[in-house]
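Asks: Have a look at this one before I ask anything.
The values are calculated or read from the model by the stated rules, or taken from the named source; none is laboratory data. What you see is a predicted model; the values in this text were computed from it and never measured. Positions of Cβ are backbone-derived with ideal geometry, glycine not excepted, and every protein chain shown enters the neighbour counts.
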Amino acid sequence: MKKLLCFIVIFSLVFLTSYQVKAERDGLSMISWEVHLTPKQEQLDIDFIVKNNGNQDVTLEFPTSQYYDYSIYDVNNKEVFRFSKGRYFLQAFQYIRIPKGEKKVWKGSWKYTSNNTKFKEGLFVLKAIFMPSKINGESLGKRFVASEEFSIPLFKDLNIQRNNHVWSINGTVKNTLNGYFYTVENGHNLLVEKTPLSISNGEFTATIPVKDGTYILTIFNKEGQPVFVTNIE
């Protein structure tokens with residue numbers, strides 16, 4: 001019985017070690033795929049990010065010049081936009097090398113339109129697929145998929161009221177905005193430094209002490225990118 005148990009333990013260790021070595025060789029355990037969205041007034045800014053989290057360089061092979069694809073779905077899970085639709089890509093192998101600990105970023109945008117239709121409001125989901133066929137010369141057996149939710153517009157029913165020397169700003173949001181913050185400036189000086197945006201039950205509020213004059217309210221996402229700018233006067 002002891003010999004049998006020892007054999008099982010040794011076999012398990014050998015199997016797990018060989019699987020780990022293969023995963024590290026073909027890069028599966030080293031690569032991560034992310035998408036960061038920044039909804040703005042006129043368009044959605046998109047960052048497609050592939051990271052090499054391993055301790056060695058990786059080489060990604062693509063059968064065409066298309067590195068990724070993405071679709072946008074409405075609340076009924078209906079596809080309203082696909083990036084690759086109507087596009088043509090170079091039919092030749094492409095290679096991208098990512099050193100260990102580094103990342104590759106592609107930037108894109110969607111102007112809230114599809115088939116000559118302008119989307120003015122709603123809740124949507126973007127799903128992005130990373131499309132390498134090989135990593136470090138090994139064929140892939142998995143897909144890299146990332147998704148994130150966003151709303152149009154980002155802020156709705158914005159209301160700004162002044163009471164003596166205090167501005168009260170409130171409005172509604174369709175999705176959670178964790179990590180968002182705002183600043184206030186007058187074009188020359190920063191009057192209110194980075195302050196977390198208070199959101200509860202789909203409503204956001206901000207109370208800003210100011211004096212007479214015109215001010216600029218800027219709201220940033222968690223990556224520190226401005227997503228909303230308005231004047232206060």
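Asks: Quickly run through segment 175-203 and pick out the residues that are free of Cβ contacts under 8 Å to residues at least 12 places away in the same chain and more than 25 Å from F150 (Cα to Cα).
Replies: H188, N189, L190, E193
Asks: Another question, if that's okay. Name the residues in segment 94-142 that are outside any strand (DSSP E or B) and under 13 Å from Y67 (Cα atoms), would you? Steps first, please.
Replies: As a first pass, look at segment 94-142 and keep what is outside any strand (DSSP E or B): 99-102, 111-112, 115-116, 119-121, 131-133, 136-137, 140-142.
Result: M131, P132, S133.
Asks: Failed condition for K107, given (1) in contact with an Asp or Glu (Cβ under 9 Å, 6 or more places away or on another chain); (2) at positive phi; (3) loosely packed, with under 14 Cβ neighbours inside 10 Å, with all others met?
Replies: Status for K107: all satisfied but (2).
Asks: Considering only residues of segment 28-46 that are farther than 27 Å from G141 by Cβ and among the charged types (D, E, K, R), which is modelled with the lowest pLDDT?
Replies: Ranking the qualifying residues of segment 28-46, first place goes to K40.
Asks: Which ones in segment 63-87 are among the hydrophobic types (A, V, I, L, M, F, W, C) and not in a loop (DSSP other than H, G, I, E, B)?
Replies: I72, V80, F81 - these are the residues of segment 63-87 that are among the hydrophobic types (A, V, I, L, M, F, W, C) and not in a loop (DSSP other than H, G, I, E, B).
Asks: List the residue pairs whose Cβ atoms are under 6 Å apart, where the first residue sits in segment 23-36 and is outside any strand (DSSP E or B), the second is at pLDDT below 60, and the two are 6 or more positions apart or on different chains.
Replies: Listed pairs, sorted by first residue: S29/A23.
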